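The values are calculated or read from the model by the stated rules, or taken from the named source; none is laboratory data. Just so you know, these numbers come straight off a predicted model, no measurement behind them. Because the Cβ atoms are built from the backbone with ideal geometry, glycine has one as well, and the counts that use them run over all protein chains shown.
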Amino acid sequence: MANEQWTKSGEAVTALILDVFRLNGRLQLAGDRLVAELGLTSARWQILGAIAYAERSESVASHARHMGVHRQGVQRIVNELEREGIVEFQPNPQHKRAHLVVLTSKGQRLYEAAIALQVPWVNNLSNDLSLDDIETAQRIINLLKMRLQKADESQDGHSD
């Protein structure tokens with residue numbers, strides 16, 4: 001083992017990372033419970049959200065990159081959603097094989113139903129939190145996310 005020691009900020013970020021992992025687990029469980037009645041899981045809901053909030057139609061690989069997850073996992077779920085008529089594939093003028101994924105009208109209704117459940121839940125969850133504290137947390141998370149993305153890109157030799 002190396003003789004390296006954490007800096008104070010390194011130790012604090014390590015604790016933050018562990019808390020984010022735990023939070024992620026809790027969010028997935030809560031999300032699964034929240035949208036179970038709609039036949040969704042947190043993973044399916046997250047992908048629907050990525051599709052719904054994208055500025056333009058994107059491929060599975062592009063969604064996976066933006067979500068910071070493996071393409072294969074997104075592809076598996078998108079294929080399931082396509083079989084259920086929730087999303088559909090459309091031709092991609094930029095790439096013959098990487099089709100674009102879009103919500104069907106059924107998918108749009110399903111996503112809106114999930115958001116209708118999420119709004120009161122998240123309003124209750126955020127009760128008594130200051131906007132300044134939330135914005136500070138978001139800035140730190142975004143900074144760490146950008147640093148990790150930059151490190152990934154330098155290892156992969158490309159950027160998004």
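Does region 40-48 contain any residue that is of a type outside the set (Asp, Glu), more than 28 Å from ARG147 (Cα to Cα) and outside any helix (DSSP H, G or I)?
yes
Suppose we filter region 91-123 for residues that are loosely packed, with under 12 Cβ neighbours inside 10 Å, of a type in the set (S, T, N, Q) and modelled with pLDDT of 95 or more; how many remain?
2
Applying the selection to region 19-31, what residues are without any contact (Cβ under 8 Å) to a residue 24 or more places away in the chain, among the aliphatic types (A, V, I, L, M) and farther than 15 Å from ALA137 by Cα?
Selection gives LEU27, LEU29.
Just to be sure before I move on: is LYS96 more than 23 Å from GLN149 (Cβ to Cβ) and not assigned by TED's automatic domain parsing to the domain that holds ALA114 in the structure I sent?
Criteria not met by LYS96.
Among the residues of region 80-128 satisfying the criterion of being acidic (Asp, Glu) and outside any strand (DSSP E or B), which is farthest from the chain's Cα centre (by Cα)?
Looking at the filtered set, the residue picked out is ASP128.
Is at least one residue of region 103-112 of a type in the set (A, V, I, L, M) and under 25 Å from LEU34 (Cα atoms)?
Yes, region 103-112 has at least one match.
Taking LEU38 as the residue in question, decide whether it is exposed (fewer than 15 other Cβ atoms within 10 Å of the Cβ) and at pLDDT 95 or above.
In short, no.
Restricting attention to region 68-78, does a residue exist that is within 25 Å of VAL13 (Cα to Cα) and either in contact (Cβ under 8 Å) with a residue 24 or more places away in the chain or not assigned by TED's automatic domain parsing to the domain that holds LEU34 (or both)?
Yes, some residue in region 68-78 is within 25 Å of VAL13 (Cα to Cα) and either in contact (Cβ under 8 Å) with a residue 24 or more places away in the chain or not assigned by TED's automatic domain parsing to the domain that holds LEU34 (or both).
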